[in-house]
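Contents: one structure, followed by commentary.
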Ligand code: SF4
């Protein structure tokens with residue numbers, strides 16, 4: 001086991017990644033980077049991280065910003081609950097980042113993995129991280145076939161990672177094993193021929209590297225049908241802030257009719273769901289702009305249709321929505337799906 005840590009740290013000294021958040025021991029910056037990297041690849045997250053910490057360099061600047069501005073800086077990254085949790089946690093800290101594991105773990109949006117990462121990277125505390133990379137490296141090297149998404153698998157890998165952790169260099173060890181999984185022991189076609197651990201690797205000796213890690217649950221993906229209404233009322237359009245807790249809470253989108261089943265557009269236009277937006281006596285011109293636009297999220301496949309509705313500038317329709325000049329609509333934080341629509345039609 002000691003040899004595992006030694007070989008890993010030796011490899012890391014030579015091949016570890018140079019990432020901007022590793023140049024700092026500032027827990028705030030490490031926290032931001034870890035939240036971004038929870039569901040985002042390093043290459044995509046880098047530019048977001050740099051922009052974010054430039055605009056919000058510390059806890060106080062984040063806490064004193066508006067939620068809408070924070071969302072705008074998050075636009076395009078997805079999993080928007082991360083931005084809401086950051087904002088909430090920044091308020092709760094009252095200007096001071098917590099210095100204990102318990103304090104860090106109690107922050108909104110911080111789970112075991114993120115707390116271990118922050119505490120080891122910022123404070124050199126001996127907490128082992130377990131993410132997808134670590135799961136993969138450990139289950140392969142030790143030939144662990146307990147499903148990593150089961151309680152028993154999580155416990156087994158977690159305890160093993162904690163046992164292996166270098167107590168002298170916890171930050172380096174955690175970063176090393178994550179880099180090792182990201183660069184060498186990759187999900188597909190791991191570079192076993194270059195691997196310093198190959199001599200002791202159980203999965204390699206079984207010639208079954210891609211069978212690890214074992215998982216028991218497959219994510220169930222559901223279909224949803226979004227019918228967006230793009231209103232053109234002179235130089236204005238209408239947008240809505242999404243309030244529901246499922247996806248994109250706090251982001252802006254076009255007025256929407258949503259369904260779990262596809263609806264023929266003619267039927268939609270004569271439905272009560274569409275009619276409730278329209279003020280009595282108004283006769284909009286209607287045109288379909290896009291149909292069958294597929295947008296994949298982790299648990300959902302969205303099928304979007306965009307319907308243009310032309311009304312007079314002083315319309316009373318859509319009055320429950322926010323009326324904004326078309327020229328300013330890009331200043332609002334919107335999901336990627338809506339952003340792509342704006343890019344094409346504005
Ligand atoms: S030998 Fe291959 S599977 Fe085993 S730890 Fe190294 S890269 Fe991963």
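Coordinate-derived values only; no laboratory data. Keep in mind the model is a prediction, meaning the values are calculated, not measured. In this analysis, Cβ positions are derived from the backbone assuming ideal geometry, glycine residues included, and neighbour counts consider all displayed protein chains.
Remarks
- Of interest is the spacing of the C-alpha centroids, which for the range 96-146 and the range 283-346 amounts to 40 Å.
- The chain, helix-only ellipticity at 222 nm - DSSP H runs n ≥ 4, -39,500 (n - 2.57), divided by all residues, nearest 500: -12000 deg cm²/dmol
- Cα-based values for the range 1-153, radius of gyration first and Dmax second, are 16.6, 50 Å.
- Taking only the alpha carbons of the range 43-131, we obtain Rg and Dmax values of 13.2, 37 Å in that order.
- For the range 55-171, the relative contact order comes to 20 percent (Cα pairs under 8 Å, sequence separation of at least 6).
- Mean Cβ count within 10 Å, highest first, over the residues of peptides 100-107, 24-31: 24-31, 100-107
- Cα-based shape type of the chain, given that a ≥ b ≥ c are square roots of the gyration tensor eigenvalues and the cut on a/c is 1.5: prolate
- Between the Cα long axis of helix 42-55 and the first principal axis of the chain there is an angle of about 70°, rounded to the nearest 10.
- Mean Cβ count within 10 Å, highest first, over the residues of peptides 265-271, 172-178: 172-178, 265-271
- Compactness of the range 162-243, taken as the C-alpha radius of gyration over 2.2 N^0.38 Å, stands at 2.03.
- Relative packing of peptides 227-235, 134-142 - highest average C-beta neighbours within 10 Å first: 134-142, 227-235
- Additional length obtainable on full extension of the chain from residue 102 to residue 206, 0.36 nm per residue less Cα span: 33.4 nm
- Computed log₁₀ I(q)/I(0) - Debye formula, equal Cα scatterers, no solvent, the range 216-311, q 0.16, 0.24 Å⁻¹: -0.73, -1.43
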